[in-house]
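**Q** First, the structure itself, so that you have it in front of you.
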Amino acid sequence: MAGQVAPSSSMKDKALVLGAGIQGICCALALRKKGYDVTLIDRSQEPFSQTSMKGEAKIHLGYVYANDRSFRTASLLLKSAMHFGPLLDAWTNHQINWRSICSTPFTYIVHRDSMVAVDTLQHHYDRIAVAYKAYQQQGLHYVGHSPSQLLTQCQPLPSYLNPLLARAAIATPELAIQTQLLKPVLIGALQQEYVRFLPNRRVRTVERAPVGFRINGDTITGQSWSDEGSIVVNCLWDGRLQLDSSLGLHPKQPWVYRLKHSLLGHLPQKLTHVASHTIVLGPFGDLVTYPDGLTYLSWYPTCLRGWSDQLQPPDHWPNQTQDPQSTQDWQQATLNALDAIVPGLRQFEIKQANAGVIFSWGETDIDDPDSLLHYRYNIGVNGFDGYFSVDTGKFTSAPYFAQSLIDQLG
């Protein structure tokens, strides 16, 4: 879709959206529905090809943030999850067959070393069930599903789990979506809505212009370029703070970029019946089974491969999965760790290794119960007289924050 011609318009309603991940795409589609002429800009060759594609894409109902006793993180994520499907339905003209792209439901496995006890987790999950009732009454759906209630319950520990490490199993209705199946629908919607996409462009600075803003940057071949628009929406994932700073906007709290690896592949034959799991609560991991037979694996202590508190993470991070020896080491360590909980996972057939950058507020890791990484409510859209910086926080929140942008524009 590179070079696609967008409808002509005056400068007063031209929007420049920076970053073509899930957040940038949602903002671009929402702005087109609002009547803006939209240009979507990214350093990649095509939209939806970087971090948005490389996680498990869980549509969080708030379960994993039980350590935030204020309930503010869970409340925001539940609201975001309940708007995720309906908003994308509207922006893609109902092209998404949600049930065909959703994972199996998650069972939460409470680890022996969980920082939150089983009864406290269950209390948190019960609060989510109560909060859900308000969204159910609004007629919203959860990625194509409309459960009558979000009750969770402990169940007998599955026989394939190691009882020495797994303390309890709690069934939930939580789902992830397979991003490889969502991608063509989103790209198709961008084309249908005449969103102009400019690939292979890095944005270096943004400055105020006589009418709106001018952005400046270079292509991957080193050529300078610039563009102007009436508004700028900064949805960059790992370069957002750097660009904000070019306008004199600086964060007021500590932050961290983390480089997290993951694996995609196939379960060994004796484990093909295993559904999706999240191991809680602490530096543990996930196993996610998708509709096409692929399975996602991540174990936090072995898959965390980078940590940075700079304005922008190191340029070499995306290439780390290409180092053969390093790759073999972390992959084997990941399978060994997960095999200790689900015996047999050491025989997992690896098809692909991915690396994605996670941005979060905080300065200590998740093994610290007081770390800000356990709190994700201080995120969203910050507007500065026509310049908008969007802190997505979680994949789940992208459509909801795109709608928040439209609400701010009035």
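The values are calculated or read from the model by the stated rules, or taken from the named source; none is laboratory data. These numbers were taken from a predicted model, which means no experiment stands behind them. Using ideal geometry, Cβ is built from the backbone for each residue, glycine included, and neighbour counts are taken over all protein chains shown. Heads up: the accessible areas ignore ligands, DNA and RNA and are worked out on the full protein's heavy atoms, side chains in. Shrake-Rupley method; radii C 1.70, N 1.55, O 1.52, S 1.80 Å.
**Q** How much of the pair distance distribution for the chain lies past 38 Å, counting alpha-carbon pairs only, in percent? Write out the running numbers ahead of the final one.
**A** Values: 15524 of 83845 pairs.
Summing the P(r) tail past 38 Å for the chain gives 19 percent.
**Q** Here's a follow-up. Would you give the gap between the C-alpha center of region 242-295 and the C-alpha center of region 132-199, rounded to a whole Å?
**A** Centre-to-centre (Cα) distance: 14 Å.
**Q** While we're looking at this one, here's another question. Where does region 176-270 land on Rg/Rh, using Cα atoms and the Kirkwood Rh?
**A** Numbers: Rg = 18.3 Å, Rh = 16.9 Å.
Ratio value, two decimals: 1.08.
**Q** With only Lys, Arg, Asp and Glu charged, each at its Cβ (+1 for the first two, -1 for the last two), find how big the charge dipole of the chain is about the Cα centre; round to the nearest 20 debye. All intermediate terms of the calculation are to be shown ahead of the outcome.
**A** Details: 33 positive and 34 negative charges, 133 e Å.
Dipole about the Cα centre, nearest 20: 640 debye.
**Q** Quick one: of LYS58/LYS260; LYS14/LYS79; LYS183/LYS252, which pairs are farther than 27 Å apart, Cα to Cα? Each step should come with its number before you reach the end.
**A** Details: LYS58/LYS260 15 Å; LYS14/LYS79 30 Å; LYS183/LYS252 34 Å.
LYS14/LYS79; LYS183/LYS252, as the Cα separations exceed 27 Å there.
**Q** Using only the alpha carbons of region 1-138, what is the convex hull's orientation-averaged projected area in square nanometres? Spell out each step's value before the answer.
**A** Working: hull surface 45.8 nm².
Approximately 11.5 nm², given one-decimal rounding.
**Q** Please get the size of the charge dipole for region 267-410, origin at its Cα centre, with Cβ charges of +1 on Lys and Arg and -1 on Asp and Glu, quoted in debye to the nearest 20. Intermediate values should be presented prior to the final figure.
**A** On the way: 6 positive and 16 negative charges, 116 e Å.
Value, rounded to 20: 560 debye.
**Q** On to the next question. Average the reciprocal distances over every distinct pair of alpha-carbons in region 346-410, invert the result, and give the Kirkwood radius in Å.
**A** For region 346-410, inverting the mean 1/r across all distinct Cα pairs yields 14.6 Å.
**Q** Where the only charges are on Cβ atoms (+1 Lys, Arg; -1 Asp, Glu), what is the dipole of region 40-190 about its Cα centre, to the nearest 20 debye? Show your work: numbers first, answer last.
**A** Numbers: 12 positive and 9 negative charges, 23 e Å.
Using Cβ point charges on Lys, Arg, Asp and Glu, region 40-190 gives about 120 debye.
**Q** What is the distance, in nm, between label points placed 7 Å from the Cα along the Cα-to-Cβ direction at VAL211 and at SER44?
**A** Each label point is offset 7 Å from its Cα along the Cβ direction, giving 3.4 nm.
**Q** Now for a different question. Could you give me D for region 293-377, from Stokes-Einstein at 25 °C and 0.890 mPa s, where the hydrodynamic radius is the Kirkwood radius over C-alpha pairs? Units µm² s⁻¹, please.
**A** Details: Rh = 14.8 Å.
D = 166 µm²/s.
**Q** Per the Kirkwood formula on distinct C-alpha pairs, the Rh of region 228-321 is how many angstrom?
**A** Hydrodynamic radius (Kirkwood, Cα pairs) of region 228-321 is 16.4 Å.
**Q** Rg to Rh ratio, region 222-274, alpha-carbon atoms and Kirkwood radius? Could you put the intermediate results ahead of the total?
**A** On the way: Rg = 20.3 Å, Rh = 16.0 Å.
Computed over Cα atoms, the ratio is 1.27.
**Q** State, to one decimal in nm, how far the label point of GLN180 lies from the label point of GLU228, with both points 7 Å from Cα in the Cβ direction.
**A** Rounded to a tenth, the inter-label distance reads 4.5 nm.
**Q** Here is a follow-up. With a probe of 1.4 Å, find how much accessible area the chain has per residue, and write the answer as a whole number in Å². Could the numbers behind the result be given before it?
**A** On the way: 16570 Å² over 410 residues.
Per residue, the chain has an accessible area of 40 Å².
**Q** Further question on the same structure: Can you list which of the DSSP-assigned H helices in the chain have a Cα extent of 15 Å or more along the long axis and an average Kyte-Doolittle score of at least -1.0? Working shown, then result.
**A** Numbers: long enough: 22-34 (18 Å, 0.69); 72-91 (27 Å, 0.44); 118-137 (30 Å, -0.74); 179-192 (19 Å, 0.61); 324-339 (22 Å, -1.12); 398-409 (17 Å, 0.36).
TM-like helix candidates: 22-34, 72-91, 118-137, 179-192, 398-409.
**Q** Using mean Cβ contacts within 10 Å as the protection proxy, how do 231-244, 199-212 order, highest first?
**A** On the way: 231-244: 23.7, 199-212: 15.9.
Put in order of decreasing packing, that is 231-244, 199-212.
**Q** Mind ranking 330-342, 138-150 by how tightly packed they are, going by the mean number of other C-beta atoms within 10 angstrom, highest first?
**A** Working: 330-342: 18.8, 138-150: 14.9.
Final packing ranking: 330-342, 138-150.
**Q** Sticking with this structure for a sec: Tally up the carbon and sulfur contribution to the accessible surface of the chain as a whole percent, 1.4 Å probe, everything protein left in place. List each step's numbers first, then the result.
**A** Details: 8020 of 16570 Å².
The value for the chain is 48 percent carbon and sulfur by accessible area.
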